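S.K.: Just passing along the structure, written as structure tokens.
The values are calculated or read from the model by the stated rules, or taken from the named source; none is laboratory data. Note that the structure is a prediction, hence the values are computed from the model and not measured. Quick reminder, even Gly has a Cβ in these numbers, built from the backbone with ideal geometry, and neighbours come from all protein chains shown. Calculation scope for accessible area: heavy atoms of the full protein, side chains included, ligands and nucleic acids excluded. Shrake-Rupley method; radii C 1.70, N 1.55, O 1.52, S 1.80 Å.
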Amino acid sequence: MITKGHHRAFRRGGFVGLEKFATPAEVAASRMILGGLFSRRAALAEGHLTDFAAPAIDFDRPWMLQLRYPCDRASELETLAIRARAHATARRILGADAIFAFDHAVIKPPHDGSPTPWHQDIAFHDAWDRHLNLTFWIPLQDVGPVNDCLHFIAGNHRGQLEAHQPIGGNRRVRGLGVPRPSSEGAIAVPRPAGGVSIHERRMLRYAGPKRSAAPRRSHALAFKRRRRDWLERQRFGPMLRAPLAGLIRAG
């Protein structure tokens, strides 16, 4: 699925898009499984079903429903070929030690005029887990300028985490954004249903206001390099280094 040309483009720009990634049958299965999770309000009690753009969920008029960890709620998602295909592609990009990290699904209602603000995925990661690397964003219907496709700033992944603030300045809103005066220089990436946009965790991305008559559904899968000893080094590294330094001085 990923050619050497794709790999070079990803390293250079921080993102790459593929027209065909999931089959129509896989897209239909994903829509059905994820739709069922949203319909029965799975993980609402645990706080994993939220409105990304509002302080609380109004199911009569949601802004942007987000379900975190749907694979934990529906094992059928794990057996779809999409998951294995994404994992194999992540290994091609990150290396053989790439592992699955987490997933989330989003539904934007019809005629939602609000855009998804510019943001970086890394802003939502826990401080100890900011070594996450890749996100596979899979639209479950065609997306374009009218139906909310993603936009990227090529090469931005070489920068650092930018200052984010809650959408609308409301600290009760989980969604974060980076204030930008315009989208000048942004590259739109329209995708057919079952296509994919793969981006690095520091990439600034944005989705414009959606004006279509149908909801916009997407499923995102994140992968990272295996770092079994990473957390141990952060927790115990200073304690281990201090005695070692003393032994070196004594020797």
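S.K.: Using only the Cα atoms of region 75-174, what do you get for the radius of gyration and for Dmax, in Å?
M.R.: Both quantities, over Cα of region 75-174: 15.8, 42 Å.
S.K.: Next up: With r defined as the distance between the Cβ atoms of Arg92 and Asp72 and R0 fixed at 35 Å, what FRET efficiency is calculated, to the nearest 0.05? Show your work: numbers first, answer last.
M.R.: Details: r = 26 Å, r/R0 = 0.73.
Working from the Cβ atoms, E equals 0.85.
S.K.: Are there GluC sites (Glu not before Pro) in region 7-97 that DSSP marks as loop and that have at most 13 other Cβ atoms within 10 Å, and which are they?
M.R.: Answer by residue number: Glu19, Glu46.
S.K.: Under a crude label model (7 Å from the Cα following the beta-carbon direction), how far is Arg171 from Arg12 in nanometres?
M.R.: 4.5 nm
S.K.: Work out the FRET efficiency for Ala81 and Glu184 from their Cβ-Cβ distance, taking R0 = 41 Å, and round it to the nearest 0.05.
M.R.: The pair Ala81/Glu184 has a calculated efficiency of 0.60.
S.K.: Can you check what the net charge comes to around Ala193, using other residues whose Cβ is under 12 Å from the Cβ of Ala193 (Lys, Arg +1; Asp, Glu -1)? Display every interim value, and only then the final one.
M.R.: Details: positive: Lys20, Arg31, Arg191, Arg216, Arg217; negative: Glu19, Glu26, Asp142.
Here the charged neighbours net out to +2.
S.K.: For the chain, state the average projected area of the convex hull of the C-alpha atoms over all orientations, rounded to one decimal in nm².
M.R.: 16.1 nm²
S.K.: Glu162: net charge of surrounding residues, Cβ under 10 Å, Lys/Arg +1, Asp/Glu -1, itself excluded?
M.R.: Net charge around Glu162: +2.
S.K.: Gain in length, Lys4 to Glu46, computed as 0.36 nm per residue apart minus the alpha-carbon separation, to one decimal in nm?
M.R.: Stretched fully, the Lys4-Glu46 segment lengthens by 10.9 nm.
S.K.: Would you mind telling me the share, in percent, of accessible area of region 18-81 contributed by carbon and sulfur at probe 1.4 angstrom?
M.R.: So the carbon and sulfur contribution to the accessible surface is 52 percent.
S.K.: While we're on this one: Using the heavy atoms of the protein chains alone and a 1.4 angstrom probe, what is the accessible area of region 1-73 per residue in square angstrom? Please list the in-between numbers first.
M.R.: Details: 4010 Å² over 73 residues.
Spelled out: the 1.4 Å probe surface of region 1-73, per residue, equals 55 Å².
S.K.: Could you check the spin-label model distance between Ala28 and Arg158? Points 7 Å from the Cα along Cα→Cβ, value in nm.
M.R.: Taking the simple label geometry, Ala28 and Arg158 are separated by 4.6 nm.
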